1. Under a Cβ-Cβ cut-off of 10 Å, what is the net charge of the residues other than His83 that fall near it, where Lys and Arg count +1 and Asp and Glu count -1?
2. As I understand it, the dipole of the chain uses +1 on the Cβ of Lys and Arg and -1 on the Cβ of Asp and Glu, about the Cα centre. Which of Leu284, Pro77, Ala145 lies farthest toward its positive end?
3. Between Glu214 and Leu296, what is 0.36 nm times their sequence separation minus the Cα-Cα distance? Round to one decimal in nm.
4. As a test of reading the structure, rank Arg146, Arg131, Arg82, Arg44 by solvent-accessible area (1.4 Å probe, protein chains only), most first.
5. Please report the carbon-and-sulfur percent of the accessible area for the chain; probe 1.4 Å, protein heavy atoms only, DNA, RNA and ligands left out.
6. If we count every other residue with Cβ under 14 angstrom of Ile99's Cβ, Lys/Arg +1 and Asp/Glu -1, where does the sum land?
7. With a cut-off of 8 Å between alpha carbons and a minimum separation of six or more residues, what is the relative contact order of the chain in percent?
8. Length gain on complete extension for the stretch His259 to Leu196, per 0.36 nm per residue less the alpha carbon to alpha carbon distance?
Amino acid sequence: IFGDNNLGPSRPTPSGAPPGNFYTALIGEVTAEAYGIFTQGTYRPADDVGLTLGVRYSDETRDGTGTFQGPTDAIPPVSTPRHISTSNVSVKAGVDWHISDAVMTYASFSQGFKSGVILVGSSDPAAKPERVDSYEIGLKGQFLARRLQTNLAAFYYDYKDLQITQLLQGASVPSITNAGSAEIHGLEAEVSAVVLDGVRVDAKAGYLEATFKELISRNPRVAPPAPSPELDLAGNTLPYAPTWTADVRLEYALSLDTHGALTMSGEAIYTDNMTFSIFNEADLSQPANTIYNASLRY
């Protein structure tokens, strides 16, 4: 990964920018090597019951070299060597039960692993890898001669070292840092029905609670040199995590025999209000909104 990122009125040269000119430059490269091996299998003690077990081993190394330059020529470039070496074992376990030919219920536990992050040329520390434990139960079924399909799921995610993007106090470019921990739990429901020949209704809804369990940070909107106090953000909502979402779509397909088909559809997509800031500031948020789509297809 190569980067030559410049911010400011003057691009740095080997001799530097004119004294007093503001600029920031992040220049360098990051190399990554990743190895993995995994296996997964399902054993059926009975025709209607399946037991699944999987395991994955990952080994990753990342090295970053480069320089951070700025904010003026009076400050010499800072070398930014960074190194991350990580190994991880993740597992998956689950059970599924086919209650009938048309209805299946399941439960699963799985683990996820996300690589650490080195920003090219950044003087910030490398972000540690992110890990998550995921629990899910659900039901999938087809009813009314398979004209109605229903999917239901409940889930819980437990994050460790969640990677978040934030602007640190006095900085001019965002950084990727680690929150201590976070948890997400919610419900999802999907229904798809053929109500008449050629008429199909698809609807889905989701409920989400996503909060930080551990996070200490400083608000960058307190302008330096005034010190920004450390804030305990435990209980704050994660960015980009609306509590409610919903989507309803209606489609009518009309056959034109040998001349093809005409399909008309309409859709409404609802998204609850959500924050863009780990500090949950009102002016860095988006109110609830609904998007409407319509199409006519021949």
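The values are calculated or read from the model by the stated rules, or taken from the named source; none is laboratory data. Just so it is clear, the structure is predicted and the values come from calculations on it, not from any experiment. Reconstructed Cβ throughout: ideal geometry from the backbone, glycine too, with neighbour counts over all protein chains shown. Heads up: the accessible areas ignore ligands, DNA and RNA and are worked out on the full protein's heavy atoms, side chains in. Shrake-Rupley method; radii C 1.70, N 1.55, O 1.52, S 1.80 Å.
1. Working: positive: Arg62, Arg82; negative: Asp63.
Its environment carries a net charge of +1.
2. Toward the positive end, the furthest listed residue is Pro77.
3. Numbers: separation 82, 0.36 × 82 = 29.52 nm, distance 4.90 nm.
Full extension of this stretch gives 24.6 nm more.
4. Numbers: Arg146 140, Arg131 85, Arg82 60, Arg44 110 Å².
I get Arg146, Arg44, Arg131, Arg82, largest accessible area first.
5. Working: 10440 of 17530 Å².
C and S fraction of accessible area: 60 percent.
6. Working: positive: Lys140; negative: Asp47, Asp48, Asp96, Asp101.
So the surrounding residues net to -3.
7. On the way: 794 pairs, mean separation 28.7, N = 298.
Answer for the chain is 10 percent.
8. On the way: separation 63, 0.36 × 63 = 22.68 nm, distance 2.19 nm.
Extra length available between His259 and Leu196 comes to 20.5 nm.
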